[in-house]
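What follows is one structure encoded as structure tokens, with my remarks underneath.
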Amino acid sequence: LGKQYYFLDSYPSTYGYNRPFGENSLGLLFRYTLPLWYPDKSIPGFVFFKRIYSTAFYNYSKYYDAINTSGQLVNTILQRSTGLELNFDLVLFRIVPFRIGVRASYRFDPEPEASRVKFDLIIYAITF
């Protein structure tokens, strides 16, 4: 009672960063996806390699009246990144479509004592 709470929403964070809690935010994302290869190869009964593609991106987010990683309230937090993804579309066990990838992000505004380059393993939702 009398405390302010921040609820999670579906607004995505800037690639390579953790999303801060804030009252208002502005975000911009440019993506270009390029198919690299359609191998149509498989390990019988286990995995079918359907497509390999790459995505280049630039991501910009600005958060207003936000809480930073130290827990302090600040006027604005700026997060910008650019990088590449390498993604694989697979079919597992002949029935489960699956997408997995690797993302390399270059962070223009890293958090204190953080590296400018961050690598992420991306496991997308399994859909039928």
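The values are calculated or read from the model by the stated rules, or taken from the named source; none is laboratory data. Keep in mind it's a predicted model, so treat the numbers as computed, not measured. So basically every Cβ, Gly included, is an ideal-geometry build from the backbone, and we count neighbours across all protein chains shown. What goes into the accessible areas is simple: the full protein's heavy atoms, side chains included, and nothing from ligands, DNA or RNA. Shrake-Rupley method; radii C 1.70, N 1.55, O 1.52, S 1.80 Å.
A few points about this structure:
- With a Förster radius of 41 Å applied to the C-beta separation of TYR38 and VAL74, the computed FRET efficiency comes to 0.30.
- Computed FRET value (nearest 0.05) for PHE119 with ASN24, which takes r as the C-beta separation and R₀ as 41 Å: 0.85
- Straightening the chain between PHE93 and GLU111 buys 2.3 nm, computed as 0.36 nm per residue apart minus the Cα-Cα spacing.
- Taking Cα centre as origin and charging only the Cβ of basic (Lys, Arg, +1) and acidic (Asp, Glu, -1) residues, the dipole magnitude of the chain rounds to 380 debye.
- Surface composition of the range 46-128: carbon and sulfur atoms hold 61% of the protein heavy-atom accessible area at a 1.4 Å probe.
- Taken over the range 46-127, the convex hull of the Cα atoms encloses 120 Å³ per residue.
- FRET efficiency, 1/(1 + (r/R0)^6) with R0 25 Å, evaluated for ARG31 and ILE100 via beta carbons: 0.90
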